[in-house]
Amino acid sequence: MVPALVNRRAVLAGATALLPWPAQAAATNAEPVRLGLTPVFLSSDLELTGRLAAYLEKATGRPVDLVTRRTYQEVTAMLVAGQLDGAWICGFPFVVHRAELQLVVAPVWRGRPLYRAYVIADRDRKASALDDLRGDVHAFSDPDSNSGFLCTRAALAERGERPERFFSRSFFTYGHRNVIEAVASGLAASGSVDGYVYDVVSELEPGFVERTRIVRTSEWLGFPPIAASSTPPDRDRLNALRTALLAMDRDPDGRAVLSLLKLDGFTSGSPDLYDAIAAKAALVAAAG
C-alpha cells in the first residue's frame, strides 16, 4: 500500500507549480481537503495517487491530502468521526452507517454506477457454482467489503450456512488484488473479489489472472461510493470535492486519472443504489 498519509508534495514534486496563479494562492492559504482511500483502489501506484491529488488541487483550489488505511473499518471510522472530508469506501459500510453518512458521488463504470461481486477459483477446477466450493480454503478481501465478503456471506446465509462451516478455512487478504493472487498462487482454492477490480486487472495484466476463473457472479450492485459524514467538518471543502469529482470527465487531467482507474467518471447518484447491499447486510445480521 501507499504510505498512510499521501501528501501531494511527496508523490508529485512541484504539482502546484502547474496550477494557475489563483489556484496556487488558494492552495497555499486554504485548509486541505482530506480524502480517504481504501483497498477499493486497484493498486498503490504513485502515478495514480499523484495525478489524483494534482487534479483535485487544481479543481478545488485547495491543498489535498490523500489518506490511506489498510482496512475499510479504519477509513470508515475516520469518516464518521469527521476526520476526513470524504472517503472512497464500500457499499457495505455505507449502508451499515447510513444514518451517519451521506453519498458524495458514485463512480461510473462502463456507463453505469454499478458493479458485481465474483467468486473465483483455480482455472482448471471443475466447479460451476458456490456449492462446489464446500470445504475450500477461501480468501476474502475485507470483513467490511461487499464484494469481498458480504455477497458470499449472504449467499451462504440463504443456504443456512456460515463461512466457518462451509469452508475448511478462510482468511482476509485486505485487498482485492491480493485475493486474486492468493487463488492464482494456490494459497487459497477460491476467493471473493470485486468484479470491477478483477475485470480491470484481467484487461491490464492478463497473465496475473490466467490461473483463475469466475465461478459465481452476483447481481448488479451500487459501485463503491465516495461518502462523507452526514455532519461534514467543512461544507465548503466537501462541496469543492464533490464539484471536482463530478467535473473530472470534462478536464484533460481528470480524464487522465479516470483512464488509470478505467472509470467513465462520477455521478451524483442516489442512496437507493445501495438498497440491495442493505438487504444482504440485513440477511446476514438476521442469520447471526
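All of the numbers you see were taken from the coordinates with simple rules; none came from a lab. Worth saying up front: this structure is predicted, and the values here are computed from it rather than measured. As a convention, Cβ positions derive from the backbone with ideal geometry for all residues, glycine included, and neighbour counts pool all protein chains shown.
Based on alpha carbons, the Rg and Dmax found for the stretch 191-288 are 17.2, 49 Å. Each residue of the stretch 129-139 is assigned a 3J(HN,Hα), and the resulting list reads 7, 4, 4, 6, 9, 4, x, 6, 7, 10, 9 Hz, derived from the Karplus form 6.51 cos²θ - 1.76 cosθ + 1.60 (θ = phi - 60°), x at Gly and Pro.
Across the stretch 244-260, computed HN-Hα scalar couplings (Karplus, 6.51 cos²θ - 1.76 cosθ + 1.60, θ = phi - 60°) run 5, 5, 5, 8, 4, 6, 9, 10, x, 5, x, 5, 5, 5, 4, 5, 5 Hz from first to last residue, x flagging Gly and Pro.
A crude spin-label estimate for the pair ALA282 and SER230, with each label 7 Å from Cα along the Cβ direction, gives 1.7 nm. Per-residue extension of 0.36 nm, minus the Cα-Cα distance of ARG213 and GLN102, leaves a gain of 36.4 nm for this segment.
Of all DSSP bridge pairs formed entirely within the stretch 33-132, close to 10 percent run antiparallel. For the chain, the longest principal axis of the C-alpha atoms and the axis of helix 46-60 are separated by about 50°. Between the alpha-carbon centres of the stretch 103-138 and the stretch 229-288 there is a gap of 21 Å. Just check the stretch 117-218 against the gyration tensor rule for me: Cα atoms, a ≥ b ≥ c as the square roots of the eigenvalues, rounded for a/c under 1.5, and otherwise prolate or oblate depending on whether a/b exceeds b/c. It is prolate, given that a/c is not under 1.5 and a/b is the larger ratio. May I ask for the angle, rounded to the nearest 10°, between helix 176-185 and the longest principal axis of the chain, with both axes built from Cα atoms and the value confined to 0 to 90°? Taking the Cα atoms of the chain, the angle to 176-185 is about 40 degrees.
Against the longest principal axis of the chain, how steep is helix 275-287, in degrees 0 to 90 to the nearest 10, with axes from Cα atoms? It works out to around 50 degrees. Using the rule -39500 (n - 2.57) for each DSSP H run of four or more residues, divided by the residues of the chain, the 222 nm mean residue ellipticity is -11000 deg cm²/dmol. Rounded to the nearest 20 debye, the dipole magnitude of the chain is 100 debye, with +1 charges on Lys and Arg beta carbons, -1 on Asp and Glu beta carbons, and the Cα centre as origin. Site pair ALA81 and ASP275 shows an inter-label distance of 3.5 nm when each label is modelled 7 Å from Cα along Cα→Cβ.
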